């Protein structure tokens, strides 16, 4: 055997040995990867199984919520009319235009502001208390509606009017106040949309005693604040 | 004889290249293993976190009840408040 042939054989053996060592090590690592991926696949399978009903449940929840939203928006449009967008804008600035667009109404959106005189008048009539003093002192142009109601919405974008139910008597300039009223509230004659969860009506105390409207005694149960008619007292679940 | 020596030289040149390439493959394979183990751990934790998905059914039931109560409340408001 020549020297060249012997060297070649040695070199070939070395190459084969290197191939074997590295390939075996690579196979070992690939086996580990295979085991790890098997664990991953089992966990991913559990994730897929657990999240499978989520789409249906969320779609059902969204459908229910959309139904509720449409119901409330329809009721809101029915009751507030053209003031709806402005009321939304006053409570959630920037949302009035979106609301108008969503309900399919056009026109500009005018911010009603922190007070809504028409709502105050309606609430006062429902509670049987006199309307707010500000409305009584400077009544806006009133128009009789077919139902015999009075609209009190001078800041309405439609020039609109608030309605007051028939049981409420026409307010005299001097607003009737509860007998215990001896100090004017901070903001007489206003109903706020933001500050309190329960609507509160403030009535300015009259200079001359007057008889409160029907049901006023039941509505003015909040004796801690004189001259304030509160709807809270007539709600048994809040006691 | 000269051809054998030429082949020996070629083998000597090829062997280090082969070792370098195989070492690279092995290094890459070794680097995959801890990442797969980490993914397996995260997947197991995510699967455990999704155990609370079942509560969505309760949430769906509650939302249905709330919207139903809301509808009743809206009906009362519709009767109590005058239309615009």
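The values are calculated or read from the model by the stated rules, or taken from the named source; none is laboratory data. All of these numbers come straight from a predicted model, not from anything done at the bench. Cβ atoms come from the backbone with ideal geometry, glycine included; neighbour counts cover every protein chain shown.
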Legend entry - Filter pass, residue A:64 being within 11 Å of chain B (Cβ to nearest Cβ), under 23 Å from the mean Cα position of the chain (by Cα), surrounded by 13 or more Cβ atoms within 10 Å (Cβ to Cβ) and in a helix (DSSP H, G or I): yes
Inset, instruction - Run down B:2, B:15 and say which single residue is modelled with pLDDT under 90 and either at the interface with another protein chain (Cβ under 7 Å from one of its Cβ atoms) or surrounded by fewer than 15 Cβ atoms within 10 Å (Cβ to Cβ) (or both). - result: B:2
Legend entry - Filtered residue count, the range A:90-132, keeping only those that are closer than 28 Å to residue B:72 by Cβ, free of Cβ contacts under 8 Å to residues at least 60 places away in the same chain and in a helix (DSSP H, G or I): 11
Legend entry - Qualifying positions in the range A:116-137 - at pLDDT below 70 and surrounded by fewer than 24 Cβ atoms within 10 Å (Cβ to Cβ): A:134, A:136, A:137
Legend entry - Conditions (1) more than 7 Å from chain A (Cβ to nearest Cβ); (2) exposed (fewer than 11 other Cβ atoms within 10 Å of the Cβ); number of the one not met by residue B:34: (2)
Inset, instruction - Please tell me if residue A:15 is at the interface with chain B (Cβ under 7 Å from one of its Cβ atoms), part of a helix (DSSP H, G or I) and either modelled with pLDDT of 95 or more or over 30 Å from residue B:9 (Cα atoms) (or both). - result: no
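This table checks each residue for (1) in a loop (DSSP other than H, G, I, E, B); (2) facing chain A (nearest Cβ under 7 Å).
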| site | (1), (2) |
| --- | --- |
| B:38 | no, no |
| B:57 | no, yes |
| B:61 | no, no |
| B:68 | no, no |
| B:74 | no, yes |
| B:77 | no, yes |
| B:82 | yes, yes |
